C-alpha cells in the first residue's frame, strides 16, 4: 500500500506540493493526472525517494522506499517515458533493468508481451515512435 500523508515540497518561495494526502491500495494500477506544474512529477519523485519533502511522509508497505532493502521489488513507476538508451534494443534495455534489480530474465519476456512489444523486441529503442517508447517505459515499470 502507498500512503502519502500531508506531503509538502517547496522550492524557495514556490510551493510545488501542498499538504497532499492519498492512499493507493495494493494491486491497484494508478494514474496520476493534473495540469502542467501541478506537482505530479514532484510527488512521484518524493514517493520514489528521489526528492525529499519539506514536510509529510510517503510510505510503501509501511516504510519509506529508502528503508526497503530492495525498493524496486516493492514499486515500479514511469517518470520519464523516453529514459532509454537509443542504441539498445527493447529486450536489452529491459534485460539491463532486470539485471540491476535481481529480476529473472523470464520476466522481461512477460512484460514485453504484456505491452505488445514482443514483435519489435530486437529493434533499437531509439527508432521507436513515442507510443512504443511509452510502452517500453511501462514495461520497465512492470518488471
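Within this structure, residue 77 passes the test of being outside any helix (DSSP H, G or I) and within 18 Å of the chain's Cα centre (by Cα). Within the span defined as region 79-100, every residue fails to be in contact with a strand residue (DSSP E or B) (Cβ under 7 Å, 6 or more places away or on another chain), closer than 27 Å to residue 4 by Cα and loosely packed, with under 13 Cβ neighbours inside 10 Å. Can you pull out every residue in region 23-72 that is at positive phi and either in the same structural domain as residue 97 (by TED's automatic domain parsing) or modelled with pLDDT of 90 or more (or both)? The answer is 39, 56. The sole residue among 113, 105 that is touching a helix residue (DSSP H, G or I) at 6+ places or on another chain (Cβ under 8 Å), surrounded by fewer than 19 Cβ atoms within 10 Å (Cβ to Cβ) and either touching a residue at least 40 places away in the same chain (Cβ under 8 Å) or assigned by TED's automatic domain parsing to the domain that holds residue 137 (or both) is 105.
The values are calculated or read from the model by the stated rules, or taken from the named source; none is laboratory data. The structure displayed is predicted, hence computed values, not measured ones. FYI the Cβ positions are ideal-geometry reconstructions off the backbone, even for glycines, and counts take in every protein chain you see.
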